[in-house]
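Inspection log for the structure reproduced underneath, given as structure tokens.
Just so it is clear, none of the values below were taken in a lab; they were calculated from the coordinates. Note that the structure is predicted; figures quoted are calculated from it, not measured. All Cβ positions, even for glycine, are placed from backbone atoms using ideal geometry, and neighbour counts span all protein chains on display.
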Amino acid sequence: MKFDPKAEPAPGMLLVAAANLHDPNFVRTVILLCEHQNEGTFGLVLNSALPVQMSDVVEDLNGWDAPLYKGGPVQENTLHFLHCNANIGIDSNEILPGVFWGGDFARLNDLLGSRKANPDDFRFYVGYSGWGEGQLATEIERESWYLTTATRELVFCRDERNQWRMTLASMGSGYKMLSNFPDDPSLN
């Protein structure tokens, strides 16, 4: 992946937490931006798996289940999802080639229950990450975040424990060095 240091926030971009970002909600996170407008920005943390399954928080799943992730600290009582299924008829938004956000959950539940869709092609999130007007731009200027183009492989990475490191390493040699930055430098 070619990294562009002048990239601007937009749907389909990844926010990668800088090694010095200490906000407990965002330490070593990778966030997919789903929406970016003058009024604000909406994204989902990709690498924060929760110790629960969908069936632990949603009733009537029609016989399917899937892992659940924390999308961010805002409105943690809301459910969001990403998937890689074109043409399944649930009115999702394609935010980058082959990656879709949201849609009709009731219809999706029926498709998953009837095995016309595979739960492994979906990621489910409670809550989201959000920034008000100008807030994200300020955080990027302060170098709290690195911005890079998302790929389907990075969005649906199955190794979320190493997703931050892998995403940084994919951005080029200078960032690859940062990817090896210890969790707690005082322990070195």
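So here's what we get for this one:
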{"item": "The chain, helix-only ellipticity at 222 nm - DSSP H runs n ≥ 4, -39,500 (n - 2.57), divided by all residues, nearest 500", "result": "-4500 deg cm²/dmol"}
{"item": "Diffusion coefficient, µm² s⁻¹, Stokes-Einstein with Kirkwood Rh over alpha-carbon pairs of the range 1-114 at 25 °C and 0.890 mPa s", "result": "156 µm²/s"}
{"item": "Computed P(r) (all Cα pairs; the range 95-170; 10 Å bins; percent)", "result": "13, 35, 36, 13, 3"}
{"item": "Per-residue HN-Hα couplings for the range 35-40 [Karplus 6.51, -1.76, 1.60; θ = phi - 60°; Hz; x = Gly/Pro]", "result": "8, 9, 9, 4, 6, x"}
{"item": "Residues with amide H under 5 Å from that of Leu96, placed H, sequence gap 5 or more", "result": "none"}
{"item": "Val45, Val155, Val57 arranged by Cβ crowding within 10 Å, fewest neighbours leading", "result": "Val57, Val155, Val45"}
{"item": "The chain: most fluctuating residue of Gly130, Gly98, Gly12 per GNM, C-alpha cutoff 10 Å", "result": "Gly98"}
{"item": "Gap separating the Cα centres of the range 44-105 and the range 149-177, nearest whole Å", "result": "21 Å"}
{"item": "The range 107-146 - Rg over Rh from alpha carbon coordinates, Kirkwood radius", "result": "1.32"}
{"item": "Using θ = phi - 60° and Karplus 6.51 cos²θ - 1.76 cosθ + 1.60, couplings along the range 47-54 (whole Hz; Gly, Pro as x)", "result": "10, 10, 5, 9, x, 9, 10, 4"}
{"item": "Contact order relative to length of the chain, as percent, for alpha carbon pairs under 8 angstrom and 6 or more apart", "result": "28 percent"}
{"item": "Whole-Hz ³J(HN,Hα) from phi, Karplus 6.51 cos²θ - 1.76 cosθ + 1.60, for the range 62-70, glycine and proline x", "result": "6, x, 10, 8, 7, x, 10, 10, 8"}
{"item": "Ranked Lys70, Lys6, criterion: other C-beta atoms within 10 Å, fewest first", "result": "Lys6, Lys70"}
